[in-house]
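S.K.: Attaching a single structure in structure tokens format; questions to follow.
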Amino acid sequence: MKRLFSILAIVFLMAFGTANATTNAATIATTVATTQDAATDSAAEDLTFHQELKKRFIEGGPGFMGIVLLCLILGLAIAIERIIFLNLSSTNTKKLTQNVEDALQSGGIEAAKEVCRNTKGPVASIFYQGLDRADDSLESAEKAVVAYGGVQMGQLEKNVSWISLFIALAPMLGFMGTVIGMIQAFDKIQSAGGMDATLVAGGIKVALLTTVFGLIVAIILQVFYNYIVAKIDSIVNDMEDSSITLMDMLSRYKK
């Protein structure tokens, strides 16, 4: 009898352990499957976004959408070039002014010109032009500073007008594409001989896509344009302040 109970106990423990193992394995498999499904869904969502963007772009029509995309590419290229140029043109005007003043007091105009020659930026170039004509008179130096300041300002603002052109052109092309798309939609309605809601909605949706993309391009380029204009204003203010400081230094040096 005891042997029978022992055998039954062993069989019960084995069955219970097998059931637990099966349950744990099923739980682990379910967890892994859920994780894989979540990863697959996430990848599918990312892929769906790119596919949706591509689909919307194609639905807008290759004609106007391609021109709007070209405006974005050209505008960004000019904006990036201007940003790099303006950052390279920025100098520490206080340090430059102090170095020029020290060189002017210790080595004269030639030493000050050498400091300006070894420094990059429009402020150093203006200083050099003013010092180069300081031997003539203060009036000649002032005229040179003013004239060369205008030249430097023109170089800072070079190609910026193209960005503003693309900002205005992108939404106008989008609106034109919308109008043409609406005309085509009404032509389809006329050809069908009746008012089909699906036909109207599809035509209007395609027509409005060009406006959406045109506005997106204009917004992106407007952000870069405002940054560039603010950077140019900052450099121009430094040029004007430094020019006044240079004339004061030359006035003290002449006395």
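S.K.: From the list 134, 144, which one is surrounded by 13 or more Cβ atoms within 10 Å (Cβ to Cβ) and outside any helix (DSSP H, G or I)?
M.R.: 134
S.K.: With outside the structural domain of residue 133 (by TED's automatic domain parsing), surrounded by fewer than 14 Cβ atoms within 10 Å (Cβ to Cβ), in contact with a helix residue (DSSP H, G or I) (Cβ under 7 Å, 6 or more places away or on another chain) and assigned to a helix (DSSP H, G or I) as the only criterion, which of 164, 191, 251 stands out?
M.R.: That would be 251, the only listed residue that is outside the structural domain of residue 133 (by TED's automatic domain parsing), surrounded by fewer than 14 Cβ atoms within 10 Å (Cβ to Cβ), in contact with a helix residue (DSSP H, G or I) (Cβ under 7 Å, 6 or more places away or on another chain) and assigned to a helix (DSSP H, G or I).
S.K.: Now for a different question. Does residue 242 count as over 21 Å from the mean Cα position of the chain (by Cα), at pLDDT 75 or above and buried (at least 20 other Cβ atoms within 10 Å of the Cβ)?
M.R.: Here the answer is yes, as residue 242 does meet what is asked.
The values are calculated or read from the model by the stated rules, or taken from the named source; none is laboratory data. Keep in mind that what you see is a predicted model, and the values were worked out from it rather than measured. Because the Cβ atoms are built from the backbone with ideal geometry, glycine has one as well, and the counts that use them run over all protein chains shown.
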